[in-house]
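First the structure, in the form of structure tokens, and then the observations on it.
The values are calculated or read from the model by the stated rules, or taken from the named source; none is laboratory data. It should be emphasised that the depicted structure is a prediction, and the values quoted were computed from it without experimental measurement. Positions of Cβ are generated from backbone atoms using ideal geometry, with glycine treated the same way; all protein chains shown enter the neighbour counts. In case anyone asks, the SASA skips ligands and DNA or RNA and just uses the protein heavy atoms, side chains included. Shrake-Rupley method; radii C 1.70, N 1.55, O 1.52, S 1.80 Å.
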Amino acid sequence: MLRPYRSVLYIPGSKERALEKARDLAVDAIIFDLEDAVAPDEKAAARATLARFLAEVDYGPRARIVRINGFDTEWGRADAAAFADHPGVDAILVPKVNGPADLDAVAAVTGEMPLWAMMETALGMLNAAAIAAHPRLEGMVMGTNDLAKELGSRFRADRMPLMTGLGLCLLAAKASGRVIVDGVYNAFKDEAGLAAECAQGRDMGFDGKTLIHPAQVEITNEAFAPSEAEVDLARRQIEAFNAAQAQGQGVAVLDGRIVENLHVVTAQAVLAKMEAIRAQAMTAERIAVGAE
Ligand SMILES: CC(C)(COP(=O)(O)OP(=O)(O)OC[C@H]1O[C@@H](n2cnc3c(N)ncnc32)[C@H](O)[C@@H]1OP(=O)(O)O)[C@@H](O)C(=O)NCCC(=O)NCCSC(=O)C[C@H](O)C(=O)O
Ligand SMILES: [Mg+2]
């Protein structure tokens, strides 16, 4: 079954209150962060706290992804070893991936565990296709803060300075059939700004967006879910195409536009995504009712 990744929330591995709160949030996935959100002095304690929470707390249907520190730091290898076969973890997220060799190094420790890659360095953008094709890779996460830092670019609402990198990673992810989620929107109280950036990411083809605060969840879930109009159109396109085929034709016309096989594939993907979102919400609700 397809899994939705509309909203992917970062939670610092050191913040117990936030780790507890996350089980009631309507997010599709959680990134439990041991990297940038955790201060150097807290790294070892955060690793132990997180291992305990992931063993004890039921995060329901949400995908549980642990962002480890890089292997060029003193903590990276111990992070990878601690979560390599942890039953409460679905994937390991590797920061600042420059090329497939960085994933090889982590996979040598984590074995069969699926990997995700932070796409946030200039070299990573140039090697995006090879990173996406790595056999252990499941998904990519845009790290737009680090990318902007390395490029020396300024914040712009239209994200024009980041477009080359965003586009290269999207192409790479889609070519290898990987999930790809957009970067964070730092101004977490700016709802209009977030909605605009979500709409841009959705238009481009991202599966969802990474978030830093619970206040960003609702806007993001709505932006990355198929709208009612999209679902209605998808159903009607499939019906129209099936009717045309029954009459021996390969093309249908609906609302003055052609519908070909490729449009039916897109329509089926819209319906499958909607079903996945519905199934995820129902599972979360069942678990919440059971926990009461
Ligand atoms: C940004 C924050 C530091 C704000 O924290 P705070 O001032 O505590 O927020 P609130 O008082 O408004 O919080 C309200 C309640 O929500 C809970 N909360 C807050 N944030 C989270 C969260 N991320 N997950 C779950 N729950 C959260 C608080 O505990 C409050 O709960 P309650 O007590 O019940 O009222 C803070 O939001 C934060 O630390 N966010 C995460 C920051 C982070 O993870 N940064 C690193 C990832 S971003 C990154 O690295 C991007 C990438 O690498 C790149 O290069 O771009
Ligand atoms: Mg980063």
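Counting only strands (runs of 3 or more DSSP E) that sit completely within region 19-133, those holding 1 or more residues that are surrounded by 19 or more Cβ atoms within 10 Å (Cβ to Cβ), charged (D, E, K, R) and within 16 Å of ligand 2 (Cβ to nearest atom) correspond to 29-33, 63-67. Among the residues of region 179-194, which ones are of a type in the set (Lys, Arg) and within 16 Å of ligand 2 (Cβ to nearest atom)? Listed by number, the list is empty, since nothing qualifies. Quick one: would you say Asp158 is touching a strand residue (DSSP E or B) at 6+ places or on another chain (Cβ under 8 Å) and more than 13 Å from ligand 2 (Cβ to nearest atom)? Spelling it out, it is not the case that Asp158 is touching a strand residue (DSSP E or B) at 6+ places or on another chain (Cβ under 8 Å) and more than 13 Å from ligand 2 (Cβ to nearest atom). Of all residues in region 187-219, which are open to solvent by less than 60 Å² (accessible area, probe 1.4 Å) and among the hydrophobic types (A, V, I, L, M, F, W, C)? Within region 187-219, Ala187, Leu194, Ala195, Cys198, Ala199, Phe206, Leu211, Ala215, Val217, Ile219 meet the criteria. Among the residues examined, Glu150 qualifies as charged (D, E, K, R), modelled with pLDDT of 95 or more and under 23 Å from Leu34 (Cα atoms).
Here is a yes/no grid of residues against (1) in contact (Cβ under 8 Å) with a residue 60 or more places away in the chain; (2) touching an Asp or Glu at 6+ places or on another chain (Cβ under 6 Å):
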{"position": "Ala215", "(1), (2)": "no, no"}
{"position": "Glu218", "(1), (2)": "yes, no"}
{"position": "Ala225", "(1), (2)": "yes, no"}
{"position": "Glu230", "(1), (2)": "no, no"}
{"position": "Arg235", "(1), (2)": "no, no"}
{"position": "Ala244", "(1), (2)": "no, no"}
{"position": "Gly248", "(1), (2)": "no, no"}
{"position": "Val251", "(1), (2)": "no, yes"}
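Taken together, the criteria place Leu170 among residues that are buried (at least 16 other Cβ atoms within 10 Å of the Cβ), away from ligand 2 (no atom under 15 Å from the Cβ), in contact (Cβ under 8 Å) with a residue 24 or more places away in the chain and assigned to a helix (DSSP H, G or I).
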